[in-house]
Amino acid sequence: MAFRDKHLIIGAGPVGLAMAKAMKQHGLPYDHVDAGPGLGGNWRHGLYENVHIVSSKRSTAFADFPMPAHYPDFPSAAQLLAYLESYARVHGLDAAIEPGRTVSAVRPLVDDTWNVVLDDDEHRHYKGVIVCNGHHRDPRMPTYPGQESAPLIHANDYRAPSELQDKRILVIGGGNSACDIASEAARVGASSDMSLRSGYWFLPKTFLGRPLTDLPIWNLPVFVQRLVLRGVIQLVIGDYRAYGLQRPRQKLFERHPTFGTEVLGYMAQGRIKPRPDIECFDGRTVRFRDGSTGEYDLVVAATGYHNSFPFLPAGMIDVKNDAVQVYGSAFPPDVKNLYIVGSNQPRNGFGNIVTPAVALFARLIRMQDEIEHPIGAVLQWQGDPLPETNLMDPGAAKREIWLSNRMLWVLRQQSRRLARERRWLGPPAQFIEDDASPAELPDAVPAKRETAAA
Ligand SMILES: Cc1cc2nc3c(=O)[nH]c(=O)nc-3n(C[C@H](O)[C@H](O)[C@H](O)COP(=O)(O)OP(=O)(O)OC[C@H]3O[C@@H](n4cnc5c(N)ncnc54)[C@H](O)[C@@H]3O)c2cc1C
């Protein structure tokens, strides 16, 4: 089959795999590439060696493929990878994956098909592109005066406790990676400090012997979730100030919560010292905002990641406050046959929400063939909102998916009304580049939109 009759899925992490399975189930032909050495995404090649999921195996497993019964509640990265490998094997997805292939450029052509450049040299001409490149890939580095002289790395570069052995460690941030690395440093380092700019919501991983993410609260309205979890925090943790921490100023879930109380235990033992925000670096010396200083052999910035799409033309997909500006969690309004999947971060594990979401997306991708405008343009025109945050409330998302599945006929009608109101003229000219000329592509491409429509 010609490339031109297929979609290309970029990324074979959990989201790309689930998307591939949904495409297969809906009879939509696709190719699948990943820059890494094999399938599994972060769980094969992106994370430090001792990482375990903080969401439970039940909330992280794909909704239609439970994790093995012998797995612990919080499996390791190696177990997650084995699980993803068996998911791919059972559903016949693995043979289609081309590992070690980096998508370096993706450009629309006049007829809404796509020119894809692999590894800077191979051009392919696809019907569409489904981007599943992950949201924990492009490190966000903080900036401080003097940091050029500091022994500073990003958590993305940290791999193993041996890197912390006998060193004075400062970890910047209070998220899940920060807590893992600071706890590891408390065990093997000479000292472990954590610089926290503001208060964080630390949640216990378990409550009454069950993983917190398995409590039957996550589908309830967010104010109920907050109420219950504040009660749990009071019972299990108490006042954060007792550990030398600030009280969070934001509401719970306005930032991704931190699961686990290990760092709090180490703080109570004096093995992790909380520090305020950093003012500046001077070599190995760090000056904090309260005027205190500390000497460190290694500073690890666990300061998060950008959502980014370096292979797409600049300006094609906006990202505001980390929220990718697409409609319906996947659909850009200005270009057709491009889908951005998995840029949001669910509060608990990925699987519960990814499974129904990609099934809906596959239905919509199929429907795109019947619709003149991009699906994103129809959603925009009918007044759907753009996201304000990349944090996803799983309960609300599941309700939206349920409703959307039953309202596809409305979308089809809206698309007809939109088509009557204005013609779809193809992708904006500034995104169509000269290098996407027909001569360079394996399958012939119309040179003009009129030809494409003929
Ligand atoms: C420390 C840490 C702990 C985490 N813990 C949890 C947890 O407990 N529960 C949970 O649900 N999630 C957790 N996550 C989030 C994790 O990212 C998701 O579980 C999951 O891996 C996201 O899947 P994905 O397919 O979107 O992205 P990824 O797993 O990142 O996969 C994306 C893939 O796309 C490929 N790719 C990117 N760009 C290109 C390109 N240009 N060309 C070709 N291929 C490309 C990459 O090589 C990668 O393999 C954690 C993340 C981190 C960093």
Only one of Val354, Val358 is closer than 24 Å to Gly304 by Cα, within 16 Å of the ligand (Cβ to nearest atom), touching a residue at least 60 places away in the same chain (Cβ under 8 Å) and assigned to a helix (DSSP H, G or I); which?
Val354
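Residues to consider are Val324, Val263; find the one that is in the same structural domain as Lys21 (by TED's automatic domain parsing), touching a residue at least 24 places away in the same chain (Cβ under 8 Å), buried (at least 23 other Cβ atoms within 10 Å of the Cβ) and within 16 Å of the ligand (Cβ to nearest atom).
On the way: Val263 fails: in the same structural domain as Lys21 (by TED's automatic domain parsing).
After applying the criteria, what remains is Val324.
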Hits in the range 137-166 (condition: charged (D, E, K, R), within 15 Å of the ligand (Cβ to nearest atom) and either in a loop (DSSP other than H, G, I, E, B) or touching a helix residue (DSSP H, G or I) at 6+ places or on another chain (Cβ under 7 Å) (or both)):
Arg137, Arg140, Arg159
Any residue in the range 84-106 that's under 14 Å from Pro66 (Cα atoms): show its pairings with residues that are assigned to a strand (DSSP E or B) at Cβ separation under 9 Å, as long as the two are six or more apart or on different chains.
Ser86/Phe65; Tyr87/Phe62; Tyr87/Phe65; Ala88/Ile97; Val90/Phe65; His91/Phe65
Enumeration of residues in the range 396-435 that are modelled with pLDDT under 90 and either touching an Asp or Glu at 6+ places or on another chain (Cβ under 6 Å) or closer than 30 Å to Asn344 by Cβ (or both)
Ile432, Glu433
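Would the range 129-136 turn up any residue that is more than 14 Å from the ligand (Cβ to nearest atom) and not in a loop (DSSP other than H, G, I, E, B)?
So the first thing to find is which residues in the range 129-136 are more than 14 Å from the ligand (Cβ to nearest atom), and the list is none.
Checked against the condition, which is being more than 14 Å from the ligand (Cβ to nearest atom) and not in a loop (DSSP other than H, G, I, E, B), the range 129-136 yields no hits at all.
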Here is a list: Ile365, Ile375, Ile371, Ile317. Which entry is surrounded by fewer than 24 Cβ atoms within 10 Å (Cβ to Cβ), more than 16 Å from the ligand (Cβ to nearest atom) and either at pLDDT below 95 or not small (Gly, Ala, Ser) (or both)?
Ile371
Do you know which of the residues in the range 44-83 that are more than 9 Å from the ligand (Cβ to nearest atom) and either aliphatic (A, V, I, L, M) or under 17 Å from the mean Cα position of the chain (by Cα) (or both) is nearest to Ile181 (Cα to Cα)?
Ala78
Of the conditions (1) over 18 Å from Ser177 (Cα atoms); (2) of a type outside the set (Asp, Glu); (3) surrounded by fewer than 19 Cβ atoms within 10 Å (Cβ to Cβ); (4) within 14 Å of the ligand (Cβ to nearest atom), Val90 fails just one. Which one is it?
(4)
How many residues are more than 29 Å from Asp290 (Cβ to Cβ), outside any helix (DSSP H, G or I) and without any contact (Cβ under 8 Å) to a residue 40 or more places away in the chain when one looks only at the range 216-258?
2
Name the single residue, out of those in the range 321-335 being at pLDDT 95 or above and among the polar types (S, T, N, Q), that is nearest to Ala362 (Cα to Cα).
Ser329
In the range 2-43, residues that are more than 11 Å from the ligand (Cβ to nearest atom), assigned to a loop (DSSP other than H, G, I, E, B) and modelled with pLDDT of 95 or more total 5
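The values are calculated or read from the model by the stated rules, or taken from the named source; none is laboratory data. Every value quoted in this text rests on a predicted model; they were computed, and no experiment measured them. We place every Cβ from the backbone using ideal geometry, glycine too, and count neighbours over all the protein chains shown.
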